[in-house]
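The values are calculated or read from the model by the stated rules, or taken from the named source; none is laboratory data. All values derive from a computational prediction rather than experimental measurement. Here the Cβ is made from the backbone with ideal geometry for all residues, glycine too, and neighbour counts use every protein chain on show. Surface areas here come from the heavy atoms of the whole protein model, side chains and all, with no ligands, DNA or RNA. Shrake-Rupley method; radii C 1.70, N 1.55, O 1.52, S 1.80 Å.
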Amino acid sequence: MRLRFFREVPNFDFFRLQWATLGFSGALVVLSLVAWALIGLNFGIDFRGGTTIRTQSESAVDVGTYRQAMTPLELGDVTITEVFDPTFAENQHVAMIRIQAQDGQESVTQDTIDRIETALRAVDDTISFPLVESVGPKVSGELIWTAVLAVGASLAAILFYIWLRFEWQFSVGAVAALAHDVIVTIGIFSVLQIRFDLATIAALLTIIGYSINDTVVIFDRLRENLIKFKTTPLRDLMNLTANETLSRTLMTSGTTLLALIAMLILGGDVIRGFIFAITWGVVVGTYSSIYVAKNIVLMLGVKRDWSKPDNNQGNQFANVDA
């Protein structure tokens, strides 16, 4: 027996407030871009530059204790992770400490490193610093540019794939929805000043993958309905398609959010930014799949079948009551 969110296919009119939802989405994108331009992003060490310190100790690494010992030093953004390697000896415990670049300095000074070592030796007298490396502004700038290229390339590849898989109207709607998700996510990071680093870029790429999966499911069902119901108005077909896939959409998003919220609450500070980005992206991606992607497809019009174009569908968007 199949598990369903609704016993029967619901009959929600997703286009009843189409202009309001489309305007709301446009306003979110504009506000996100304005926040990005005026407030900026709280870049992490990856994009701001800083110093990485590798520690080694005979005692087990306690990330919380390390962080508590370093808090009075007021070093800004500090990331502490334990390193696991099967080649390590039984009494060899390694951690990586990443410290943001200090004001006016490309790397942490030796005096600061000495203060860090003193603070950590107070909680673990066997600790040593076998490796200290710095990331300068030039490398950080290259990472920012590479991140932009990664997100842009993923959107371009998806545009091309959807174009081949469906029609160009579908690809425009899908990529517009994905761009909406990415920009709004960046906007919320800017407003809340959540740390933005390479993990966040990974989260953005995950959001793109999740959102396009949901959008393709809706588009695939829409294509089936276009072939099955050749005389039904496109607006009604899109409503039918959204209702038919709504149970799957809500169950997929809901179960994903259950796991993400648990990780957001219990996962700790190290992964909180990454998990928050994906959680926010799942919500926004589900919304955009229904209210952004298919609205744009309706506005552009699509074929009634895959061999004969229908020139009357392009104007239906304008004829629907607000």
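Listing for the model above:
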item: Ordering of 288-297, 44-53 by burial proxy (mean other Cβ atoms within 10 Å per residue, highest first); result: 288-297, 44-53
item: At R0 = 22 Å, FRET efficiency that the Cβ-Cβ distance of Ala157 and Asp220 yields, to 0.05; result: 0.75
item: Coordinate range along principal axes, alpha carbons of the stretch 128-217, Å, largest first; result: 58, 27, 23
item: Positive-pole candidate from Thr71, Ser247, Val94, dipole of the chain, charges at beta carbon; result: Ser247
item: Per residue Cα convex hull volume in Å³ - calculated over the chain; result: 174 Å³
item: ³J(HN,Hα) computed for each position of the stretch 85-100 - Karplus, 6.51 cos²θ - 1.76 cosθ + 1.60, integer Hz, glycine/proline x; result: 8, x, 7, 5, 6, 4, 9, 9, 10, 10, 9, 10, 10, 10, 10, 5
item: Surface share of carbon and sulfur [accessible, 1.4 angstrom probe, percent] for the chain; result: 61 percent
item: Karplus (6.51, -1.76, 1.60) ³J(HN,Hα), θ = phi - 60°, over the stretch 291-299, in Hz, Gly and Pro reported as x; result: 9, 10, 4, 6, 5, 5, 4, 5, 5
item: Radius 10 Å from Cβ of Ala69, net charge of other residues (Lys, Arg +1; Asp, Glu -1); result: 0
item: Dipole in debye (nearest 20) - the chain, about Cα centre, beta carbon charges: Lys, Arg +1; Asp, Glu -1; result: 1880 debye
item: Accessible surface of Glu142 - all protein chains present, 1.4 Å probe, nearest 10 Å²; result: 100 Å²
item: Solvent-accessible area per residue, Å², over the chain with all protein chains present [probe radius 1.4 Å]; result: 52 Å²
item: Full-stretch length increase - Leu300, Asp85 - with 0.36 nm per residue and alpha-carbon distance subtracted; result: 72.0 nm
item: Peptide ranges 200-212, 221-233 listed from the most packed, as the mean C-beta count within 10 angstrom indicates; result: 200-212, 221-233
